[in-house]
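The block underneath contains the structure these notes are about, expressed in structure tokens.
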Amino acid sequence: MRLSILIVIFSIITVSAGTIYVGDDDARHRGGGYVNGYYNDLQTAIDKAAASDTIRLSPGVFRAKQYPFPETLCGNCENPVTEVEATCGFLVQGKSLVIIGSGADSTTLVTNAGYGVLFLDCPNAAIMRLKITGGKRDLDGNATDAAIVARQSRVTVTDCLIADNTDRPEDVVVGIGGIFGREGAELLISGNELFNNGWDGIALYRGATAVIADNVINGGRGAGIGITWDAIAQVYRNEISNYWKGIGTFGATRAVVSNNIVKDNLGWGIIVTGEAYMDVTNNLVINNGNCGLAIWSNECSGRFANNIATGNGWRQEWVCPPVGFWNYGQLANFIVSHNNIFNNKEGEYRDMPDFTDTLGNISADPMFAGEDDYHLKPESPCINSGDSLITDNDGTVSDMGVYGGPRAR
């Protein structure tokens, strides 16, 4: 599978031909390596950089000058050949660059645009160790506005803070997301914090593929992670909270979703719908407003194993019933085994058989170590109670929940 080689691809960052410094007068003397140039303006540095250069940003605030970016393709329209009127802040086009800040607490990009940092036709780019904020929503509702947008590019995004991209006219429903992969994008999104943005935290559209791991996605509208159209994703060890919805697969997508904490969202926790396939293992889905887990079409398929869904359903029904596991599709398309569905407001299962004490499924207090500490106590019924085909890293039968299975940390 294409995704099976993504980690190898992303681990090989092109050796830099040179280093460009952007910032105050002292910035040119920092770091090491051959210095191609020094600039006060980030976009100028991007334009002047040669392929495979590294751009190092000093501490400070770097503001983009918004400019129009009309598109003949639409990432999320029924007809992809749709004209879209968007704006762009920083543009990296047709070259492999590595952009490195001095830390998310000290280097800030203020994008002033719908597409904050746009990677277009980049063979192998990376952006890391900085904050991206200050986006301004485009008036065209078809624009896929986000702090980072990648189209037909391979991009690594790591150790970034993407926050407070909330500027939106009242008459435009869609806001500004965090990181969006468009046509043919190949993304590694790891170790970032996405906070208080105006739309989906991470979204994948037409043909995008991604490894999404070890991110904190907290506070926003839309879905924390939305995988749409024919995108493919591996989604590991993320924490998604305080969104409208948690993790969802739509269209004809494929996703492996493991060891994520999905909590405190207004609607559903994890949902599969359309013709999507989702393999859902070792997740904790806790305290979401409506349902925890959901099957939402007759065509979707997959597996739910080793998950814990508890405490869901505190909000009046909105997008699904306030239960642990809701079926609104074809249950025969799924394996449902070795889950702990417990203490959800209006019951554990809805519109499906009660799987408690069947196929390894249980309904019992998981016995977490403490408040917001989701390790299991030694006497927990979830220890060594998972699917026997899934093992923990010590070789024993997997535990249920986020600290079980081979992808646990």
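The values are calculated or read from the model by the stated rules, or taken from the named source; none is laboratory data. Every value quoted in this text rests on a predicted model; they were computed, and no experiment measured them. Reconstructed Cβ throughout: ideal geometry from the backbone, glycine too, with neighbour counts over all protein chains shown.
Per-structure values
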read-out: Output for segment 145-173, where each listed residue is within 13 Å of Thr111 (Cβ to Cβ) and either aliphatic (A, V, I, L, M) or touching a residue at least 40 places away in the same chain (Cβ under 8 Å) (or both); value: Asp145, Ala146, Ala147, Ile148, Val149, Cys160, Ile162, Ala163, Asn165
read-out: Long-range neighbours under 6 Å by Cβ, at least six apart or interchain, first residue under 16 Å from Asn288 (Cβ atoms) within segment 317-346, second among the acidic types (Asp, Glu); value: Pro322/Glu346; Val323/Glu346; Gly324/Glu348; Ile341/Glu348
read-out: Residues being outside any loop (DSSP other than H, G, I, E, B) and over 15 Å from the mean Cα position of the chain (by Cα) - total across segment 264-277; value: 2
read-out: Cβ-Cβ under 6 Å pairs, at least 6 apart or on other chains, segment 355-380 side at negative phi and surrounded by 12 or more Cβ atoms within 10 Å (Cβ to Cβ), far side modelled with pLDDT of 95 or more and of a type in the set (Val, Ile, Thr); value: Phe355/Val336; Ser363/Ile341; Ser363/Thr356; Pro366/Ile308; Tyr374/Val402; Leu376/Ile383
read-out: Selected residue (criterion: surrounded by the most Cβ atoms within 10 Å (Cβ to Cβ)) from residues of segment 101-137 that are charged (D, E, K, R) and out of contact with any Pro (no Cβ under 7 Å at 6 or more places or on another chain); value: Lys131
read-out: Residues of segment 278-323 satisfying the condition of being of a type outside the set (A, V, I, L, M, F, W, C), under 20 Å from Leu359 (Cβ atoms) and either assigned to a strand (DSSP E or B) or in contact with a Leu (Cβ under 7 Å, 6 or more places away or on another chain) (or both); value: Asp279, Thr281, Ser301, Gly302, Arg303, Asn307, Thr310
read-out: Residue within segment 122-131 that is of a type in the set (A, V, I, L, M, F, W, C), modelled with pLDDT of 95 or more and over 19 Å from Thr19 (Cα atoms) present; value: no
read-out: Sole residue being under 25 Å from Trp229 (Cα atoms), hydrophobic (A, V, I, L, M, F, W, C) and part of a strand (DSSP E or B), chosen from Leu109, Leu118; value: Leu118
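Each row is one residue, and each column tells you yes or no for (1) closer than 25 Å to Ser301 by Cβ; (2) under 26 Å from the mean Cα position of the chain (by Cα); (3) outside any loop (DSSP other than H, G, I, E, B).
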| site | (1), (2), (3) |
| --- | --- |
| Ile335 | yes, yes, yes |
| Gly347 | yes, no, no |
| Thr356 | yes, no, no |
| Ala364 | no, no, no |
| Pro381 | no, no, no |
| Asn384 | no, no, no |
| Leu389 | yes, no, no |
| Asp394 | no, no, no |
| Arg407 | yes, yes, no |
